[in-house]
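Taking it in order: structure first as structure tokens, then the write-up.
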Amino acid sequence: MNAAAFFDRRHETDFAMFSPSHFIALAVVILICILLYINRNALRSHPARRKLFRILLAGLLLSSEAALHIWYLSQDIWKNGLSLPLELCGITLLLSAVMLLTRSRLLYSFLYFAGIGGAGIALLTPNLVYPFPHFRFLLFFAAHGAIVLASLYMTWVEGYKPTLRSVFFTMLCLNIVAACVYAANTMLGSNYMFLAHKPSTFSVLDYFGPYPYYLLVEEAFALILFLLMYLVFFWLPQRSSRIPVQTRSSGDI
């Protein structure tokens with residue numbers, strides 16, 4: 001692929017979900033998350049490294065959003081009904097950058113669920129037509145991977161933890177955001193957050209029934225997903241750590 005084709009909005013083939021390039025991109029994101037976990041103590045013990053990591057990751061998030069808009073403009077396809085950062089991942093991307101720079105616990109309690117959950121689903125079922133190694137393919141996985149990494153950093157390195165109350169706070173915030181985006185869709189004739197219809201590419205919404213019922217199923221799915229994220233990664237480990245370990249005496253069999 002030459003430089004022009006790398007950026008050109010015209011492409012000969014479409015992105016194929018669960019193709020080798022998709023699995024490799026997912027593996028790279030997972031590997032980076034694992035490396036962050038392995039090096040969490042090294043970052044935690046050095047405030048200067050933590051600050052640098054937060055600034056660099058916030059810079060990656062903001063520059064990826066800026067790069068997307070520059071690409072839209074360069075291809076003469078920027079439209080207010082398609083290009084504004086009003087998708088859930090666009091919103092959580094910007095909020096993740098703010099969270100990293102301000103170390104906001106309030107934003108973390110929302111982004112641990114909405115950021116990791118939303119970007120995680122997007123990584124698994126991308127709303128993407130550009131195949132590897134197109135610029136949009138690389139930008140998509142870099143941006144969504146960085147959203148996930150931001151909340152994992154705040155968890156593993158900064159020591160932030162969500163609570164059960166955070167799950168319901170996130171659901172409340174998501175519904176407020178959806179109401180605002182719905183109003184924007186009405187004014188712009190757009191379909192941000194897929195509130196008017198499903199995306200044209202395959203997504204998890206295809207299993208949720210027709211419009212408008214898939215919106216209700218999506219809400220229930222999000223609540224179940226967020227509860228599982230809290231129970232499996234926080235509630236159960238905390239509960240098991242409180243159970244006293246019974247030691248055997250030398251006379252036990």
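The values are calculated or read from the model by the stated rules, or taken from the named source; none is laboratory data. None of the values given here were measured: they were computed from a predicted structure. Heads up, the Cβs are rebuilt from the backbone with ideal geometry, glycines too, and the neighbour counts pull from every protein chain shown. The accessibility values were calculated without ligands, DNA or RNA, using every heavy atom of the protein model including side chains. Shrake-Rupley method; radii C 1.70, N 1.55, O 1.52, S 1.80 Å.
Being under 16 Å from the mean Cα position of the chain (by Cα) and among the acidic types (D, E) is the filter here, so list the residues in the range 52-105 that pass it.
E65, E87
Conditions (1) among the polar types (S, T, N, Q); (2) open to solvent by 30 Å² or more (accessible area, probe 1.4 Å); (3) assigned to a helix (DSSP H, G or I); (4) under 25 Å from F18 (Cα atoms), marked per residue:
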{"residue": "S109", "(1), (2), (3), (4)": "yes, no, yes, no"}
{"residue": "A114", "(1), (2), (3), (4)": "no, no, yes, yes"}
{"residue": "A143", "(1), (2), (3), (4)": "no, no, yes, yes"}
{"residue": "M154", "(1), (2), (3), (4)": "no, no, yes, no"}
{"residue": "Y160", "(1), (2), (3), (4)": "no, no, no, no"}
{"residue": "N175", "(1), (2), (3), (4)": "yes, yes, yes, no"}
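Exactly one of (1) more than 21 Å from the chain's Cα centre (by Cα); (2) at pLDDT 95 or above is unmet by A27. Its number?
(1)
Working only within the range 116-138, note down all residues that are among the aliphatic types (A, V, I, L, M), more than 11 Å from the chain's Cα centre (by Cα) and open to solvent by less than 20 Å² (accessible area, probe 1.4 Å).
Our first condition is that a residue be among the aliphatic types (A, V, I, L, M); within the range 116-138, this holds for 116, 119, 121-124, 128-129, 138.
Filter again for more than 11 Å from the chain's Cα centre (by Cα), leaving 128-129, 138.
The answer is L128, and nothing else.
I need the full set of residues from the range 66-87 which are outside any loop (DSSP other than H, G, I, E, B) and surrounded by fewer than 14 Cβ atoms within 10 Å (Cβ to Cβ), in order please. Talk me through it step by step, then tell me what you get.
Just the residues of the range 66-87 that are outside any loop (DSSP other than H, G, I, E, B), to begin with: 66-74.
Answer for the range 66-87, where residues must be outside any loop (DSSP other than H, G, I, E, B) and surrounded by fewer than 14 Cβ atoms within 10 Å (Cβ to Cβ): A66, H69, I70, L73, S74.
With the structure loaded, tell me whether L100 is modelled with pLDDT of 95 or more, open to solvent by less than 70 Å² (accessible area, probe 1.4 Å) and closer than 29 Å to L215 by Cα or whether it fails that test. Even if it seems obvious, please write down each step before you answer.
Values: modelled with pLDDT of 95 or more: yes; open to solvent by less than 70 Å² (accessible area, probe 1.4 Å): yes; closer than 29 Å to L215 by Cα: no.
Considered against the rule, which asks whether it is modelled with pLDDT of 95 or more, open to solvent by less than 70 Å² (accessible area, probe 1.4 Å) and closer than 29 Å to L215 by Cα, L100 comes out as no.
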